[in-house]
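Student: The structure is given below, and queries will be raised subsequently.
Since every read-out is calculated from the coordinates, none of them should be taken as a lab result. Just so it is clear, the structure is predicted and the values come from calculations on it, not from any experiment. Here the Cβ is made from the backbone with ideal geometry for all residues, glycine too, and neighbour counts use every protein chain on show.
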Protein chains: 2
Amino acid sequence: MKIGRIRVDTPEGKRVRLVAVDPKNNRVIDLAKAKALLLQSQGATDAASWRMANTMLPPSLTEAIGTGKQFLDVANDAVVARADDASITMDGIDWAPSADPSIVRDCISFRAHLEAYFEKMGHNLHPLHYKMPAYYKGSTANLIGHNGTVMWPSYTDFVDYELELGFILGAQAHNVTPDEAKDMLFGMTILNDFSSRDYQDPEMLLMLGPTQSKDFCYAVGPWVTTMDEIEDMSSMEMKAWVNDELWSSGKADTMRWTTDDLIAYISRGDTLKHGDLLGSGTVGGGSALELDRRPKPGDTVRMEVTGLGSLTVVMGQKEEMRWGPTLEEVTADL
Amino acid sequence: MKIGRIRVDTPEGKRVRLVAVDPKNNRVIDLAKAKALLLQSQGATDAASWRMANTMLPPSLTEAIGTGKQFLDVANDAVVARADDASITMDGIDWAPSADPSIVRDCISFRAHLEAYFEKMGHNLHPLHYKMPAYYKGSTANLIGHNGTVMWPSYTDFVDYELELGFILGAQAHNVTPDEAKDMLFGMTILNDFSSRDYQDPEMLLMLGPTQSKDFCYAVGPWVTTMDEIEDMSSMEMKAWVNDELWSSGKADTMRWTTDDLIAYISRGDTLKHGDLLGSGTVGGGSALELDRRPKPGDTVRMEVTGLGSLTVVMGQKEEMRWGPTLEEVTADL
């Protein structure tokens, strides 16, 4: 199943709905509505059917996954029974982020990007990177979905895209082995992990990890494809276009750690939960930095990954500098 | 007001309740119960009173703060009207974490700790630390409260405590100035930001910030003191005991950035939200590393901060190593 999140108009304002995506028929199916109609056909009152449907198929993907393995059965039964009566055309849909995790954990699974990044930034790549599946953590306060606008912060002239796979957890994991981590993924989505390259450089020297250089925007979408629809992750092609010009292309089969490894490693000193988002790290060549190019405000960045759809976002205009050190100030003495 | 979160037994198992803490009378007041009783006295049905009370005073402090400025008025009115009928003795209370943020953002506001930390770890302290209010981000999956047990991960022999102030946001903030950030704090709590010192060292060389060396445990508690009860933050004394021996003591007035500065800085490239937790960073001398000492499994760590109460936790036993590089493996070539 392909599960998306869309915003719809209601008398209370915009509200998010969980939908099954049916690209072949150019439609999405409102899951709670399909379930409510199914329950009504089985004798439920209008009020009870919606109360149950909204509880079983809530707007939050994290909460829906938290209902356990029955989630996909309930969603699938509702779609099979009442798709036609709960459909919305895909034209003009207002897409919300495909997932709503509380935190991003982003790994560095692609060796080609790892080595290219450190070379381009002029930093020493420590050999420990070959022993430890390093990751950093991101705030999800500025998550956007398909057709969203990327915040361009005040302190940067170089906002880069990063072409990644996003993995959504379907279970809780603490101190598990890779073998136990098998089957813990719920699904996959495209992740565009934006970076401020010029501010990232001084920030890394503080040795506390990326903050201002990352958390202004993560894009996830257009939807989440559940693992049963992923035939062979390793054969996925990953591509990124800027204004319809192909800038990046790579293959998922160059990951040096498996997702089982990543889950096992992170779970040693943390606890992964239903709905959490893991990033693969950028595929080799999957950023403008590696190409000596730069997207600019107003540019459109489109990503496509085999089986996961196509995620488009627009680079916003630079925000006003209101307080704090400027790029010039922090890079003056480097 | 002092607001805590406690776990109580229900026919459904343990459930969290938001409480007003009344240390003088050795009791806590179940806020939803006090509100429900008040509503009943004003003519509400039993069912309606609980429905409203649980919505207005939910178990999640983040959700409660999200109800806006009325939260404290509603809580206060309920306590004034019905405290005696909704009281629970403090003896034997099962304390939940005092806050439930989705992410920790932990700063380095105390210069003495900053300089001592880099010296003890043998890393170069980059002068950029004097220009930028650096912070790192932590996962809150392993948050504990008063009387909780600290997870001791498999890969470390040195789990250290860190004595910090925790600030809880009362508003949303993006790209604000320090002046606009005034009055955005909801309250303060004690934060014990545990660190694995031996694993932190190799992890920092990856240049992605602390992960396994931090996210195994953050302790917050015993409760949150709202800002109206904080007379003078700068005069707060901060102390930490291990097994009743005083190890650390410091003063909050040595912070080199104000909380207004921190909020303004973080908000440039992120968005702060109701209920978010900011850490001050460790006060000078507020960790065992700085004293060349080490807590061990089974030790009790107690922290006390003027006006914020006393937060006690117990160091757990080391977990089983199940997968991934050992400490010896990652430190072999350093």
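Student: Explain nothing, just the number: relative contact order of chain B, from Cα pairs under 8 Å at least 6 residues apart, as a whole percent.
Tutor: Computed value for chain B: 22 percent relative contact order.
Student: Which distance in Å, rounded to a whole number, links the C-alpha centroids of the range B:261-284 and the range A:22-78?
Tutor: If we compute the Cα centre of each part, the gap is 38 Å.
Student: Follow-up question, since we're still on this one. Taking a label point 7 Å from Cα toward Cβ, how far is residue A:41 from its twins in the other copies, in nm, shortest first?
Tutor: Spacings between copies for this position, smallest first, are 5.3 nm.
Student: On to the next question. Considering the rotational relationship between chains B and A, which residue of chain B contributes the beta-carbon of minimal distance to the axis, and what is that distance to the nearest Å?
Tutor: In residue-and-Å form, the answer is B:209, 1.
Student: Mean-square fluctuation check for chain A, GNM, Cα pairs under 10 Å: which of A:96, A:36, A:240 is largest?
Tutor: In this elastic network of chain A, the residue with the biggest mean-square fluctuation among A:96, A:36, A:240 is A:36.
Student: Provide an ascending nm list, one decimal, of label-point separations from residue B:293 to the equivalent residue in each further copy; define each label point as 7 Å from Cα along Cα→Cβ.
Tutor: In ascending order, 5.9 nm.
Student: Report, to the nearest 10°, how far helix A:70-82 tilts away from the longest principal axis of the Cα atoms in chain A, using its own Cα long axis and a range of 0 to 90°.
Tutor: For A:70-82 against chain A, the angle is about 60 degrees.
Student: Could you work out, residue by residue across B:211-218, how many beta carbons of other chains sit within 10 Å of that residue's beta carbon, and then give the average as an integer?
Tutor: 5
Student: Defining the label point at 7 Å along Cα→Cβ, can you sort the distances from residue A:157 to the same site in each other copy, shortest first, in nm?
Tutor: Once sorted, the set of distances for residue A:157 reads 5.0 nm.
Student: Follow-up question, since we're still on this one. Once the Cα atoms of helix A:46-56 and of chain A are each reduced to a long axis, what angle between those two axes, in degrees from 0 to 90 to the nearest 10, is obtained?
Tutor: Helix A:46-56 and the main axis of chain A meet at about 30 degrees.
Student: Report the local net charge at residue A:90: Lys and Arg +1, Asp and Glu -1, summed over other residues whose C-beta lies under 13 Å from its C-beta.
Tutor: My count for the surroundings of residue A:90 gives -1.
Student: Along Cα→Cβ, 7 Å out, is where each label goes; now give me the distance between the ones at residue A:244 and residue A:258 in nm to one decimal.
Tutor: Output for this residue pair reads 4.3 nm.
Student: If the limit is 20 Å between Cα atoms, which of A:69/A:182; A:69/A:137; A:137/A:214; B:14/B:273 go over it?
Tutor: From A:69/A:182; A:69/A:137; A:137/A:214; B:14/B:273, over 20 Å: A:69/A:137; B:14/B:273.
Student: Right, here's the next one. Based on Cβ point charges of +1 for Lys and Arg and -1 for Asp and Glu, what charge dipole magnitude is obtained for the range A:10-128 about its Cα centre, in debye rounded to the nearest 20? Kindly include the intermediate steps, with their values, before the conclusion.
Tutor: Numbers: 13 positive and 15 negative charges, 23 e Å.
Magnitude of the dipole: close to 120 debye.
Student: Tell me what chain A gives for mean residue ellipticity at 222 nm when only DSSP H runs of n ≥ 4 count, each as -39,500 (n - 2.57), the sum divided by the residue total, rounded to 500 deg cm²/dmol.
Tutor: -6500 deg cm²/dmol
Student: Here's a follow-up. How well do other chains shield peptide B:138-149, expressed as the mean number of their Cβ atoms within 10 Å of each residue Cβ?
Tutor: 3
Student: Remind me, relative contact order of the range A:2-95 in percent, using alpha carbon pairs under 8 angstrom and six or more residues apart?
Tutor: With pairs under 8 Å counted, the relative contact order is 35 percent.
Student: Let me ask you something else. Can you give the FRET efficiency to the nearest 0.05 for residue A:115 and residue A:179, using r as the Cβ-Cβ distance and R₀ = 35 Å?
Tutor: About 0.75, to the nearest 0.05.
Student: Can you give me the distance in nm between label points at residue A:317 and residue A:228, each placed 7 Å from the Cα along the Cα-to-Cβ direction?
Tutor: Between residue A:317 and residue A:228, the label points sit 4.8 nm apart.
Student: Net charge within 12 Å of residue B:172 by Cβ-Cβ distance, Lys/Arg positive one each and Asp/Glu negative one each, not counting residue B:172 itself?
Tutor: It works out to a net charge of -2.
Student: Taking Cα pairs under 8 Å and at least six residues apart, what relative contact order does the range A:191-253 come out at, in percent?
Tutor: 25
Student: Compute the longest continuous run of chain B that contains no exposed GluC sites (Glu not before Pro); treat a site as exposed when its DSSP state is not H, G, I, E or B and it has at most 16 other Cβ atoms within 10 Å.
Tutor: It works out to B:13-230.
Student: While we're here: If you line up the long axis of helix A:259-268 against the longest principal axis of chain A, both from Cα atoms, how many degrees apart are they, to the nearest 10?
Tutor: Relative to chain A, helix A:259-268 is tipped by roughly 80 degrees.
Student: Peptide A:125-132: average number of partner chain Cβ atoms within 10 Å per residue?
Tutor: The mean count of partner-chain Cβ atoms within 10 Å per residue comes to 6.
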